[in-house]
């Protein structure tokens, strides 16, 4: 009798899991249909004052799906390929809609094996040309990792979202020459200083400071580095966390370089935490106050300074 009850219980769990998977699959198909309609709308826009005008969200955490669709329709890409790292389980990602809507091929990486296992076991993994790898990225391995993907040097899009050593990893990359580069920036660092956290191979945002606000680099630091690597700044998303750069030889009369001050966006995200990991919802200048005194590198002179 007990065995029958246990067997029935597990059958119910299996049925519930299968039903949930079917609902998620149906929901994603509906999202894709909606995204395709939105894509057709925004790609017709040839003159915009900021990237926020072409934003929409399907699988991206913020409005980056729309920005990417607009860029795809207005730039020339020798290869429809992408590289993205720091993707978590790929549920929310800046390249997933690009892959599923435009049939681009790509290589994604994340430090957690459980996240990559979810990607590899997903339905879309066999439906599209995607490679996923579990690895903790550092300056020493980044180029060999990218090279191992087998993608052409002129990758269509590169997205770096590491919540930490973003500046140092972007500086190190020379294995590819992407057309579009999306770089996460820490808007709390402001626009005036070209600064980044010091390089630490084992950097973890949650351990570096309990607030979760001490990470990455300022937009000015990423702008200076990208300029030196041959890229032009075209703006930020309205969430104030992703900056967009296009290889300067690919600019045209639609996708144009803009001034740093005009494109900078201050994030309003209230993700600060206390020592017990609870959200504290700090806003405005209260966020920089909580990490005041933390060390940063002034990339203009290489000197260590304080926030």
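Can you tell me which residue in the range 74-95 is farthest from residue 115 (Cα to Cα), limited to those that are in contact with a helix residue (DSSP H, G or I) (Cβ under 7 Å, 6 or more places away or on another chain) and in a strand (DSSP E or B)?
Among them, the one singled out is 82.
Do the conditions hold for residue 142, that is, is it surrounded by 16 or more Cβ atoms within 10 Å (Cβ to Cβ), at pLDDT 95 or above and touching a strand residue (DSSP E or B) at 6+ places or on another chain (Cβ under 7 Å)?
Answer is no for this residue.
Consider residue 29 against the criteria (1) under 21 Å from residue 129 (Cβ atoms); (2) surrounded by fewer than 18 Cβ atoms within 10 Å (Cβ to Cβ); (3) modelled with pLDDT of 95 or more: it satisfies all of them except one. Which criterion is unmet?
In the conditions (1) under 21 Å from residue 129 (Cβ atoms); (2) surrounded by fewer than 18 Cβ atoms within 10 Å (Cβ to Cβ); (3) modelled with pLDDT of 95 or more, residue 29 misses (3) alone.
Is at least one residue of the range 97-107 under 16 Å from the mean Cα position of the chain (by Cα), crowded, with 22+ Cβ neighbours inside 10 Å, assigned to a strand (DSSP E or B) and without any contact (Cβ under 8 Å) to a residue 60 or more places away in the chain? Walk me through how you get there before you give the answer.
Of all residues in the range 97-107, those under 16 Å from the mean Cα position of the chain (by Cα) come to 97-99, 106-107.
Within this subset, residues satisfying the condition of being crowded, with 22+ Cβ neighbours inside 10 Å are 97-99, 106-107.
Next, from what is left, pick out any that are assigned to a strand (DSSP E or B): 106-107.
From the residues that got through so far, the ones that are without any contact (Cβ under 8 Å) to a residue 60 or more places away in the chain too are 106-107.
So far as the range 97-107 goes, yes, one or more of its residues are under 16 Å from the mean Cα position of the chain (by Cα), crowded, with 22+ Cβ neighbours inside 10 Å, assigned to a strand (DSSP E or B) and without any contact (Cβ under 8 Å) to a residue 60 or more places away in the chain.
Does the range 146-159 contain at least one residue that is over 24 Å from residue 72 (Cβ atoms) and either surrounded by 22 or more Cβ atoms within 10 Å (Cβ to Cβ) or touching a helix residue (DSSP H, G or I) at 6+ places or on another chain (Cβ under 8 Å) (or both)?
No: the range 146-159 contains no residue that is over 24 Å from residue 72 (Cβ atoms) and either surrounded by 22 or more Cβ atoms within 10 Å (Cβ to Cβ) or touching a helix residue (DSSP H, G or I) at 6+ places or on another chain (Cβ under 8 Å) (or both).
Check every one of the strands (runs of 3 or more DSSP E) wholly within the range 228-307 and list those with 1 or more residues that are under 19 Å from residue 66 (Cβ atoms).
On the way: elements: 231-236, 242-247, 295-298, 303-306.
Per the criteria, 231-236, 242-247.
Could you grab me the full set of residues in the range 178-196 that are in a loop (DSSP other than H, G, I, E, B) and under 23 Å from residue 85 (Cβ atoms)?
We begin by selecting, within the range 178-196, every residue in a loop (DSSP other than H, G, I, E, B); these are 178-179, 185-186, 190-194.
Result: 178, 179, 185, 186.
Looking at residue 126, is it surrounded by fewer than 16 Cβ atoms within 10 Å (Cβ to Cβ), part of a helix (DSSP H, G or I) and at pLDDT 95 or above?
yes
State the number of residues belonging to the range 160-177 that are in contact with a helix residue (DSSP H, G or I) (Cβ under 8 Å, 6 or more places away or on another chain) and either assigned to a helix (DSSP H, G or I) or within 30 Å of residue 291 (Cβ to Cβ) (or both).
Counting residues in the range 160-177 that are in contact with a helix residue (DSSP H, G or I) (Cβ under 8 Å, 6 or more places away or on another chain) and either assigned to a helix (DSSP H, G or I) or within 30 Å of residue 291 (Cβ to Cβ) (or both) gives 11.
Filter the range 145-173 down to the residues that are within 27 Å of residue 195 (Cα to Cα) and more than 17 Å from the chain's Cα centre (by Cα) and list them by number.
Hits for the range 145-173 are 145, 172.
Need pairs with beta-carbon distance below 6 Å; first residue touching a residue at least 24 places away in the same chain (Cβ under 8 Å) and within the range 218-233, second in a loop (DSSP other than H, G, I, E, B) and surrounded by 23 or more Cβ atoms within 10 Å (Cβ to Cβ); sequence gap 6+ or separate chains.
These pairs meet every condition: 219/185; 222/185.
The values are calculated or read from the model by the stated rules, or taken from the named source; none is laboratory data. Predicted model, so just to flag it, every value in this text is computed and none were measured. With ideal geometry, Cβ positions are generated from the backbone for all residues, glycine too; neighbour counts draw on all protein chains shown.
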